[in-house]
Amino acid sequence: MQKQVEVIHDMDHTDMIIEERNKEIQIIHEEMRQINDLFKAVAELVDTQGESIDSISNNIQVAGSNVADGNEELKKAEEEQKKSNKLTLWIAGIIAGITTIGTGITVGILLL
């Protein structure tokens with residue numbers, strides 16, 4: 001009878017150890033699930049940030065192209081302004097010449 005009690009006691013002890021290990025395994029399983037969820041979340045963030053980086057890169061390229069186009073337009077405007085300034089000077093010179101000639105003629109007529 002003593003042996004039976006010892007065997008039952010050993011079985012109870014073994015059952016307790018098994019139950020404790022089962023709980024520990026469940027805890028480990030839950031922690032692994034949480035880690036898996038974290039990895040999925042990080043992967044999603046990386047994917048989203050990759051799209052953002054691609055968008056930023058594209059915007060930088062477009063901005064660079066726009067700056068280059070703007071520089072070309074500024075060069076054209078500067079050339080047009082120089083041409084306009086030359087034309088204005090020519091017109092002013094012609095008007096001054098005509099005025100001088102007209103004044104000279106008028107003075108000449110008055111002196112006669």
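Read-outs: derived from the displayed coordinates by stated rules, not from any lab. Bear in mind that the values here come from a model prediction, so they are computed numbers and not experimental data. Don't worry about glycine lacking a Cβ; one is built from the backbone with ideal geometry, like all the others, and counts go over all protein chains shown.
With +1 on the Cβ of every Lys and Arg and -1 on the Cβ of every Asp and Glu, and nothing else charged, how large is the dipole of the chain about its Cα centre, in debye rounded to the nearest 20? Intermediate results must be reported in sequence, preceding the final value.
Details: 10 positive and 20 negative charges, 354 e Å.
With only Lys, Arg, Asp and Glu charged at Cβ, the dipole is about 1700 debye.
Identify the trypsin sites (Lys or Arg not before Pro) of the stretch 61-112 meeting these criteria: DSSP loop state and at most 12 other C-beta atoms within 10 Å of the C-beta. List each step's numbers first, then the result.
Working: sites: LYS75, LYS76, LYS82, LYS83, LYS86; in loops: none.
Here no trypsin sites (Lys or Arg not before Pro) fit, given the DSSP loop and packing criteria.
May I ask for the angle, rounded to the nearest 10°, between helix 2-111 and the longest principal axis of the chain, with both axes built from Cα atoms and the value confined to 0 to 90°?
0 degrees
Charges on Cβ only, +1 for Lys and Arg, -1 for Asp and Glu, centred on the Cα centroid of the chain; of MET16, HIS29, LEU89, which one is farthest towards the dipole's positive end?
LEU89
Would you please give the FRET efficiency between ASN36 and THR14, computed as 1/(1 + (r/R0)^6) with r the Cβ-Cβ distance and R0 = 30 Å, to the nearest 0.05? The partial results should precede the final answer.
Details: r = 32 Å, r/R0 = 1.08.
Calculated value: 0.40.
From the C-alpha coordinates alone, can you work out the Kirkwood hydrodynamic radius of the chain, in Å? Intermediate values should be presented prior to the final figure.
On the way: mean 1/r = 0.0410 Å⁻¹.
With all distinct Cα pairs of the chain included, I get 24.4 Å.
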